[in-house]
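Colleague: Mind looking over this structure? Questions follow.
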There are 2 protein chains.
Amino acid sequence: MLKPTVNCGELRVTDKDREVVLAGWVSGWRDHGGVVFIDLRDFHGKTQVVFGREKTGLPEKDEKELIEIANSLRNEYVIAVKGIVNLRPEGTRNDKLPTGEIEISARQINLINECAELPFDLKNPDKVGEETRLKYRYLEMRSGKLKESLALRHRFFQSTRNFFADNGFIEVETPFLTRSTPEGARDFLVPSRINPGKFYALPQSPQLFKQLLMIGGIGKYFQIVKCFRDEDLRQDRQPEFTQLDLEMSFIDEEDIKKLLERYIQSVFREVIGVELEIPFKRLSYSEAMDRYGTDKPDLRIPLEIINITDLASNSSFKVFSSAASCGVVKGLKIPDADEISLSVINKTTEEIQSLGAKGLAWMRHKKDGLHSPITKFFSEEELKEISSRFDTRRGDIIFFIADTEQVVGACLDYLRRTFGKPSENVFMPLWIEDYPLFEKDDAGNPTPMHHPFTSPRSGEEELLEKEPFAVKSKAYDMVLNGAEIGGGSIRIHSPVLQNRVFKILNITEEKARQKFGFLLQALSFGAPPHGGFAFGVDRLVACMLGINSIREVIPFPKTRRAYSPLTGSPSDVDKEQLDEIGIRIVDFKKD
Amino acid sequence: MLKPTVNCGELRVTDKDREVVLAGWVSGWRDHGGVVFIDLRDFHGKTQVVFGREKTGLPEKDEKELIEIANSLRNEYVIAVKGIVNLRPEGTRNDKLPTGEIEISARQINLINECAELPFDLKNPDKVGEETRLKYRYLEMRSGKLKESLALRHRFFQSTRNFFADNGFIEVETPFLTRSTPEGARDFLVPSRINPGKFYALPQSPQLFKQLLMIGGIGKYFQIVKCFRDEDLRQDRQPEFTQLDLEMSFIDEEDIKKLLERYIQSVFREVIGVELEIPFKRLSYSEAMDRYGTDKPDLRIPLEIINITDLASNSSFKVFSSAASCGVVKGLKIPDADEISLSVINKTTEEIQSLGAKGLAWMRHKKDGLHSPITKFFSEEELKEISSRFDTRRGDIIFFIADTEQVVGACLDYLRRTFGKPSENVFMPLWIEDYPLFEKDDAGNPTPMHHPFTSPRSGEEELLEKEPFAVKSKAYDMVLNGAEIGGGSIRIHSPVLQNRVFKILNITEEKARQKFGFLLQALSFGAPPHGGFAFGVDRLVACMLGINSIREVIPFPKTRRAYSPLTGSPSDVDKEQLDEIGIRIVDFKKD
């Protein structure tokens, strides 16, 4: 077998006359009257190989055979070729290809493997459904966007690990076969054969273990690790996902934020050559909700929500005044909104109704001021005040939602993302901070906004039992271009305080001991102050690439039904396997 | 809270007079008549802190309070201290400690957390059982050997990833929730909730995925990844373990061996400062079995097995002659064996009987030649020949085993490891190669010596059906100091050849399609020649540290019963959780 001496992306004009061997896949071939051109492709690029243009100096029989083999090649055949680097003739150079100025004049060829009929055109994988692409993921990998994504993901890993190692962090592996951590989602369970009737859980995050590492004196820990959540899958969720997990001792929120800003700055610089400014912008949770209706605003969109509850409360427009008395009335101006026709507004109304709103009011700034079916309910003075608050110009439209704080926020966030035009190739990271420690569950009881190990803000501990919803936490999220790319907090390091929080969360002592007694016990053996962070690597890498779906940056993702069309997993298993682990599948129809 | 400005391992004489803050754990305290000494410890080391030896310049009340707090400290309390770096008085310096020439004269202290009564003395964790140590693993981490192991493991990871990245490999993550790969051990199964009655399997290795990556054109892949095997646990096995996995295209065995020799040389140099010579020694499988009785010989032990079947076949010692006719007779010389008394021999006899041998013959070289209860069966000439073959000197003993090749090998390997004295702090890596492609299963049928994707040696394909056991494979293992630290092979890249091998292995077409149809299909779409390797990271790191048990180098290992005393996993789960995934635990008593 001929063994490659160079790859398919590296030869240049300066390599002229070198004898080289290349190996890879035929990614295009054409026969120009006895002269055969092959585009040979590997991970690094493409190189043109020519058969029969010039005399090889081979015996005639061998030369004939060479051309015959070249003629038999088809796309995705695997070959190795020995030849001489030549400059391409004037007028046939390809500026788009790094190797576009040279070609290989073939002297010898090994046909290594053939290729069956392809299930789709590798140059246009988008033309087939995602299930087909996932089934033949390895074919999609050979070229195009997916290959670039995987290469970038690799550089991201290297850059990330080197940053944290250089900053004194050590990488420690936490267990995969473990006990569930109570992070809100369902665990994947793993039956134990050696301990019949018992189950491991796959980790939703290494949260408890990284806290144990801090208690164990590992001052700075990091890990890039798979985590698992058995959720009903939404567009951008996968049952297994990659997390960049870290934790530090003897630090506060500022230390972590500063370090992570340096990290993000460094990884963007090294991996995609983008220079980010630090420090990042910061928004409190309540300010983000007020101005953007969400705690993960896309700051590339300059639009902001304006509150007009005060104006609305005195309005003769009943929808506004009644909402103002028990909720809020807020609006969002879309500038230069001529393309938002009445039919667009009607369609949008239906969409925001599915988010819980009763309706969508709007006013359009025309030649002579605000116009709308509802302007008749407003005095000229009121309209002027509205126009002034929103700073409207001719062509602008204002959308209003009158409802509860929550519905208004969700709808205006939706409108902002729908009609706002984010600048491309711009990265706008920010911190969201000052989260409440608790939010209300369906029954109105406190439930953790992040997780039950999050520390309340210093000085607010005494409010815990009296006014739990007034207590802020030491949690912080990092948001980039409208996606939450990570979150973290300072943790509770006092066993007494941790027990108080469990009590407020209505976690009984018995349940606390059963679920995470080992953490409570560990806290009693000299826990240092500590805190940390976790990035969603799939989302972060997708953001860097400007890609929406995390499936596009995961080597072997599953469908939204948590299914792998490639391997056919999950699959049936033999009854003997179930016998060994002592479980039975329940027939729901009979049960 | 005082925040540390330096760590507990970095201050030196040159830091004299600096004001610093340190934080950590009290790892020792003593009161010398009003002067309190504290050893303060963190991940980086220990520093001595002194209270009350010299005037602090503080108001008397504050100084009194400082001493009071210092007096209240106990081991493993968490504190932060501000103070001045002083040189220790002559005669009190500690040469063993890198910070042993200085101490901190404390000006201010924060008592951050107390510590409950410890379950064991952190300075002597070995004094309690392993279950207790694993239950409080975080305490064991604070000092001593475990901390060093974890720090080394981190350096190993960094060095390894940088080596492979520098050599053009890219890191690609393969799935954890997947379909079982048939690697001989049981799979851990994960019930799917979204696809009721179906199961994922946790990967025993990324074998099939890395082959798909090669077919996908990712020319060089590596990953450090957790793998899972549901085995009955032996001394040195864990249900989850860490693998360094890699694969390359368009290469042969030599390319992989050369690369991995450079890798091992580089990682030993960078991580433990040991210089290994390359190329490594190579032994064929059959030569290793002949000379050492095992395919993972510890070459630090110079002893080798000597075959005397030819001599034995004519011996009047029936045990030898009859074994020689249907098996082999081999021996091992232990030099300077005076301490191997008759009672040691008797005990050893019992041990090798448990390995299947019927008995243990021996001869001792005394002043006037070989002596033994069996020498009477041998002529003087025969004894001379034996002495000459084994090159015996006064004080040596020869052990003989007469049995099948397999039993003889196993017993002499055992004797070699029992009585051979490996040199310490020496590393003797070697390659084992030329493995047979198949071995016989219990029924005498071919079963893969490695796995069914291993390529037969070039030119031996035509023997596959006719003489399967004569075919050698392109597999190779790396052995270090008696442990198999990794293995790999060139894989089959022809779908036709892969189907032939399945057929020989009695894997029906249907079963092949069902189990790994996706691999067979992928092979048909233009698979390049490829091969790879996988290192057992836990074992390799343990070898580097000269530690026998891999549990000592795993942050959170399980016991031999696959149980975590720390988290109490595997554990019972709620019936609701089982309902959701549609399974029931079978009550074996009723079933």
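The values are calculated or read from the model by the stated rules, or taken from the named source; none is laboratory data. None of the values given here were measured: they were computed from a predicted structure. Neighbour counts are summed over all protein chains in view; Cβ atoms, including those assigned to glycine, are modelled from backbone coordinates with ideal geometry.
Colleague: Residue check: is A:Val49 of a type in the set (Val, Ile, Thr) and surrounded by fewer than 18 Cβ atoms within 10 Å (Cβ to Cβ)?
Modeller: No.
Colleague: Continuing with this model, one more query. Specify the residue that is surrounded by the fewest Cβ atoms within 10 Å (Cβ to Cβ); the eligible residues are those in the range A:29-46 that are on the phi > 0 side of the Ramachandran plot and part of a loop (DSSP other than H, G, I, E, B).
Modeller: That would be A:Gly33.
Colleague: Just one of A:Glu510, A:Glu580, A:Glu552, A:Glu576 is part of a helix (DSSP H, G or I), of a type in the set (Asp, Glu) and over 30 Å from B:Phe199 (Cβ atoms); which is it?
Modeller: A:Glu510
Colleague: Return the residues of the range A:528-551 that are of a type outside the set (A, V, I, L, M) and modelled with pLDDT under 95; say none if nothing qualifies.
Modeller: Once the filter is applied, which keeps residues that are of a type outside the set (A, V, I, L, M) and modelled with pLDDT under 95, the range A:528-551 yields A:Gly546, A:Asn548, A:Ser549, A:Arg551.
Colleague: Tell me, yes or no, whether the range A:47-69 has at least one residue that is basic (Lys, Arg), over 24 Å from B:Phe250 (Cα atoms) and either part of a helix (DSSP H, G or I) or within 44 Å of the chain's Cα centre (by Cα) (or both).
Modeller: Checking the range A:47-69: at least one residue is basic (Lys, Arg), over 24 Å from B:Phe250 (Cα atoms) and either part of a helix (DSSP H, G or I) or within 44 Å of the chain's Cα centre (by Cα) (or both).
Colleague: Suppose we filter B:Thr418, B:Thr404, B:Thr392 for residues that are in contact with a strand residue (DSSP E or B) (Cβ under 6 Å, 6 or more places away or on another chain), touching a residue at least 12 places away in the same chain (Cβ under 8 Å) and polar (S, T, N, Q); which single one remains?
Modeller: Only one candidate passes the filter, namely B:Thr392.
Colleague: Output the residues belonging to the range A:82-115 that are within 12 Å of chain B (Cβ to nearest Cβ) and part of a strand (DSSP E or B).
Modeller: A:Asn110, A:Leu111, A:Ile112, A:Asn113, A:Cys115
Colleague: Can I ask one more? So, in the range A:262-296, of the ones that are acidic (Asp, Glu) and without any contact (Cβ under 8 Å) to a residue 60 or more places away in the chain, which residue ends up nearest to A:Arg155 (Cα to Cα)?
Modeller: A:Glu275
Colleague: Could you say whether any residue in the range A:536-547 is in contact (Cβ under 8 Å) with a residue 40 or more places away in the chain, buried (at least 22 other Cβ atoms within 10 Å of the Cβ), in contact with a Cys (Cβ under 7 Å, 6 or more places away or on another chain) and not in a loop (DSSP other than H, G, I, E, B)?
Modeller: There is no residue in the range A:536-547 that is in contact (Cβ under 8 Å) with a residue 40 or more places away in the chain, buried (at least 22 other Cβ atoms within 10 Å of the Cβ), in contact with a Cys (Cβ under 7 Å, 6 or more places away or on another chain) and not in a loop (DSSP other than H, G, I, E, B).
Colleague: From the list B:Lys3, B:Lys46, which residue is in contact (Cβ under 8 Å) with a residue 40 or more places away in the chain, farther than 16 Å from B:Glu103 by Cα and not aliphatic (A, V, I, L, M)?
Modeller: Testing whether each residue is in contact (Cβ under 8 Å) with a residue 40 or more places away in the chain, farther than 16 Å from B:Glu103 by Cα and not aliphatic (A, V, I, L, M) leaves just B:Lys3.
Colleague: Do you know which residues across the range B:154-197 are at pLDDT 95 or above and more than 7 Å from every other protein chain (Cβ to nearest Cβ)?
Modeller: Matches in the range B:154-197: B:Arg155, B:Phe156, B:Ser159, B:Thr160, B:Asn162, B:Phe163, B:Phe164, B:Asp166, B:Asn167, B:Gly168, B:Phe169.
Colleague: Tell me the helices (runs of 4 or more DSSP H) entirely within the range B:321-436 that contain at least 3 residues that are farther than 22 Å from B:Arg291 by Cβ.
Modeller: Filter on the range B:321-436 gives B:342-353, B:380-390.
Colleague: All but one of (1) among the hydroxyl-bearing types (Ser, Thr, Tyr); (2) surrounded by 15 or more Cβ atoms within 10 Å (Cβ to Cβ); (3) farther than 30 Å from B:Ile278 by Cα hold for B:Ser455; which doesn't?
Modeller: Every condition holds for B:Ser455 apart from (3).
Colleague: Given the conditions (1) under 16 Å from B:Phe43 (Cβ atoms); (2) within 25 Å of the chain's Cα centre (by Cα), report the number of the one that A:Asp245 does not fulfil.
Modeller: That leaves (1) as the condition not met.
Colleague: Return the residues of the range B:181-197 that are surrounded by fewer than 24 Cβ atoms within 10 Å (Cβ to Cβ), within 18 Å of A:Phe176 (Cα to Cα) and in contact (Cβ under 8 Å) with a residue 60 or more places away in the chain; say none if nothing qualifies.
Modeller: B:Ser192
Here is a yes/no grid of residues against (1) closer than 29 Å to B:Gly216 by Cα; (2) of a type in the set (Val, Ile, Thr):
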residue: B:Tyr476; (1), (2): yes, no
residue: B:Asn481; (1), (2): no, no
residue: B:Ile485; (1), (2): yes, yes
residue: B:Arg491; (1), (2): yes, no
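Colleague: Still on this structure: If only one of A:Lys96, A:Lys61, A:Lys55 is free of Cβ contacts under 8 Å to residues at least 12 places away in the same chain, exposed (fewer than 13 other Cβ atoms within 10 Å of the Cβ) and closer than 16 Å to A:Ser143 by Cβ, which one is it?
Modeller: A:Lys96
Colleague: Can I ask one more? Looking at the range B:562-576, can you tell me whether even one residue there is within 25 Å of B:Arg179 (Cβ to Cβ), among the basic types (Lys, Arg) and more than 7 Å from chain A (Cβ to nearest Cβ)?
Modeller: Checked the range B:562-576: no residue is within 25 Å of B:Arg179 (Cβ to Cβ), among the basic types (Lys, Arg) and more than 7 Å from chain A (Cβ to nearest Cβ).
Colleague: For the range A:198-236: of the residues being in contact (Cβ under 8 Å) with a residue 40 or more places away in the chain, in a loop (DSSP other than H, G, I, E, B) and more than 7 Å from chain B (Cβ to nearest Cβ), which is nearest to A:Arg561 (Cα to Cα)?
Modeller: Ranking the candidates gives A:Leu233 first.
Colleague: For B:Arg74, state whether it is within 11 Å of chain A (Cβ to nearest Cβ), without any contact (Cβ under 8 Å) to a residue 60 or more places away in the chain, among the basic types (Lys, Arg) and not in a helix (DSSP H, G or I).
Modeller: Spelling it out, B:Arg74 is indeed within 11 Å of chain A (Cβ to nearest Cβ), without any contact (Cβ under 8 Å) to a residue 60 or more places away in the chain, among the basic types (Lys, Arg) and not in a helix (DSSP H, G or I).
Colleague: I'm checking my understanding of the structure. Among residues of the range B:1-27 that are more than 19 Å from A:Ile218 (Cα to Cα) and part of a strand (DSSP E or B), which one is nearest to the other protein chains (Cβ to nearest Cβ)?
Modeller: Out of the qualifying residues, it is B:Val20.
Colleague: Which pairs do you get when a residue that is basic (Lys, Arg), found in the range B:466-493, comes within reach of a residue that is modelled with pLDDT of 95 or more and in a helix (DSSP H, G or I), reach meaning Cβ atoms under 7 angstrom, with the pair 6+ apart or on two chains?
Modeller: Listed by first residue and then by second, the contacts come to B:Lys474/B:Glu253; B:Arg491/B:Gln211.
Colleague: Collect the residues in the range B:512-527 that are at the interface with chain A (Cβ under 9 Å from one of its Cβ atoms), at pLDDT below 95 and crowded, with 20+ Cβ neighbours inside 10 Å, keeping them in residue-number order.
Modeller: Correct list: B:Phe516, B:Phe518.
Colleague: Also, I was wondering about something else. Quick check on A:Glu270: is it surrounded by 20 or more Cβ atoms within 10 Å (Cβ to Cβ), of a type in the set (D, E, K, R) and within 14 Å of chain B (Cβ to nearest Cβ)?
Modeller: Answer is no for this residue.
Colleague: Does the range A:237-269 hold any residues that are part of a helix (DSSP H, G or I) and among the β-branched types (Val, Ile, Thr), and which are they?
Modeller: Residues satisfying the conditions are A:Ile256, A:Ile264, A:Val267.
Colleague: Moving on. With A:Glu484, A:Glu465 as the choices, which residue is surrounded by fewer than 17 Cβ atoms within 10 Å (Cβ to Cβ) and within 30 Å of A:Pro279 (Cα to Cα)?
Modeller: The unique qualifying residue is A:Glu484.
Colleague: Would you please name the residue that is surrounded by the fewest Cβ atoms within 10 Å (Cβ to Cβ), looking only at residues in the range A:6-25 that are among the β-branched types (Val, Ile, Thr) and in contact (Cβ under 8 Å) with a residue 60 or more places away in the chain?
Modeller: Checked the range A:6-25; the qualifying residue surrounded by the fewest Cβ atoms within 10 Å (Cβ to Cβ) is A:Val13.
Colleague: Now for a separate question. Residue check: is A:Leu139 facing chain B (nearest Cβ under 7 Å), more than 24 Å from A:Gln223 (Cα to Cα) and not charged (D, E, K, R)?
Modeller: Here the answer is yes, as A:Leu139 does meet what is asked.
Colleague: Then there is this: Can you report the number of residues in the range B:32-46 which are β-branched (Val, Ile, Thr) and under 44 Å from the mean Cα position of the chain (by Cα)?
Modeller: 1
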